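Here the structure comes first, spelled out in structure tokens, and everything after it is commentary.
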Ligand SMILES: NC(=O)c1ccc[n+]([C@@H]2O[C@H](COP(=O)([O-])OP(=O)(O)OC[C@H]3O[C@@H](n4cnc5c(N)ncnc54)[C@H](OP(=O)(O)O)[C@@H]3O)[C@@H](O)[C@H]2O)c1
């Protein structure tokens, strides 16, 4: 039987699990793919580090870059991480030297995916990155293969398990952001430095990759990104009273030949499908023609789920399935118009913390009407004996820039005691 020699570079959370998995499942993978996946070499930063696995000394490369030069190696699995440094060097050199590459590195693909794809195509090798978007959820393979017949209009969903865990725990356990974050760190759902999960940049990287696959375009950095750090318990409770949950969602959609990419906390109906996805789960919803709406849901991170995606990519290479990294050739990928969301219409939730005095509410509603934003619902919640009040307004659909203008105008008023909130609503 044919054999493919593999080098696994990076033996952290993911690399360790993958190494063990491939050794344990070599026979069944060989039978399924009619080709043997043979792990010939490994590398990590510190060879002397104590690891939870036994590796024969002869498997260790002296230097990780040797994998890119070795004539014996067919396929390099990059599991170092980061858009720059050793991961970048490894993947560029590997493709230039005609090695297939499998990576879980969303930061690298979001930044250099277009350049890397051109090199892979020129050298007729695979560049596979299923594990870079939503871990075990097979969304990239679904877009490239199962849904190939479709013109995609929209892709959206929950692409980050840490933020979903935090928001759903704040909702279900009525805890505040800090308490839940501390809990998530203890349970291993949040990293020691969770900023990429909380500020939306992790979702942004994933969404850029998905957009380019859905719309046959190059990766585009015109994306609106907000994280969840400003969401507090009062927002969660007000949203709940109004029939909504708050989720960090990513959206990429084609509207009138323009693409809008956005990542932000979003109010969605409690009864909606996305509203029911709690905890660390991810869910991707794809609207395509002729298929209609498809949903894929599952574990978005962790060594087991990520290994599932990596093995799917490795198997594709074992079967000799050489294809374009982004579905179509780089020559055919298009430069589309990616527009800022300021001209897109939204219905929104706005919350103002104000001094509880007469004239405040009428001043706020006057500013809304002067700026052509009509109010659908209004809730006023005075805090007894404190002389302050929360005013929550749900608007009808209006341009994003009008909503932001209102926030700016009202922020400057003397009666405002905290920065006002704007959370967009999704009606699906
Ligand atoms: N963790 C997840 O749930 C998850 C999910 C989806 C995707 N991913 C992606 O998977 C990748 C790996 O994540 P991880 O959680 O496994 O990271 P990790 O635990 O930090 O492991 C990184 C590995 O890279 C090695 N490394 C660092 N610099 C190196 C160098 N110069 N040469 C060779 N090896 C080097 C480290 O070596 P030492 O062991 O010697 O320090 C370590 O083994 C990242 O791109 C991440 O975004 C992770």
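Computed over segment 41-91, the range of Cα coordinates on each principal axis works out to 27, 26, 15 Å, biggest value leading.
Thinking of segment 95-143 as a set of Cα atoms, what percent of all their pairs are more than 13 Å apart? In whole percent, the long-distance tail amounts to 55. Shown is the FRET efficiency for residue 65 and residue 149, computed with R0 = 60 Å from the Cβ-Cβ distance and rounded to the nearest 0.05: 0.90.
All C-alpha pair distances within the chain, sorted into 10 Å bins from zero, spread as 4, 20, 28, 22, 14, 7, 3, 1, 0 percent across the bins.
Using the Cα coordinates of segment 3-132, the gyration tensor eigenvalues translate into equivalent-ellipsoid semi-axes of 22, 18, 14 Å, sorted from longest to shortest.
The length gained by stretching the chain between residue 222 and residue 234 to full extension, at 0.36 nm per residue less their Cα-Cα distance, is 1.2 nm. Taking the number of Cβ atoms within 10 Å of each Cβ as an exposure proxy, the fewest-first ranking of 424, 262 is 424, 262. Segment 107-179 and segment 312-361 have Cα centres spaced 11 Å apart. Remark: 121, 191 ranked as 191, 121, counting other beta-carbon atoms within 10 Å and listing the fewest first. Round to the nearest 10 and give me the degree value, 0 to 90, for the angle of helix 85-96's Cα axis relative to the longest principal axis of the chain. The angle comes out near 50 degrees. The rule of thumb for compact globular proteins, 2.2 N^0.38 Å, goes into the C-alpha radius of gyration of segment 1-70 1.13 times. The residues 158, 328, 73, when put in order of fewest to most other Cβ atoms within 10 Å, stand as 328, 73, 158. Here's the picture: a label point sits 7 Å out from the Cα of residue 241 along the beta-carbon direction, and within segment 371-396 the residues with their amide nitrogen under 16 Å of it are 376-395. Relative to the longest principal axis of the Cα atoms of the chain, helix 303-318 runs at roughly 50 degrees. Per-residue ellipticity at 222 nm from helix content only, as computed over the chain with -39500 (n - 2.57) for each DSSP H run of at least four residues, stands at -10000 deg cm²/dmol. Note on segment 343-426: Kirkwood radius taken over Cα pairs, Stokes-Einstein applied at 10 °C and 1.306 mPa s, translational D equal to 124 µm² s⁻¹.
How are the C-alpha pair distances of segment 139-298 spread across 10 Å bins, as whole percents from the shortest bin up? Each 10 Å bin holds this share of Cα pairs: 11, 40, 33, 14, 2.
Would you please state which residues of segment 226-265 a label at residue 179 would reach in this model, taking the label point 7 Å out along Cα→Cβ and a backbone N cut-off of under 20 Å? So the set is 228-241, 245-247. Helix 13-24 and the longest principal axis of the Cα set of the chain meet at an angle near 40°.
None of the figures in this text is laboratory data; all of them are computed from the coordinates on show. Here the structure is a predicted model, which means the values were calculated and not measured. With ideal geometry, Cβ positions are generated from the backbone for all residues, glycine too; neighbour counts draw on all protein chains shown.
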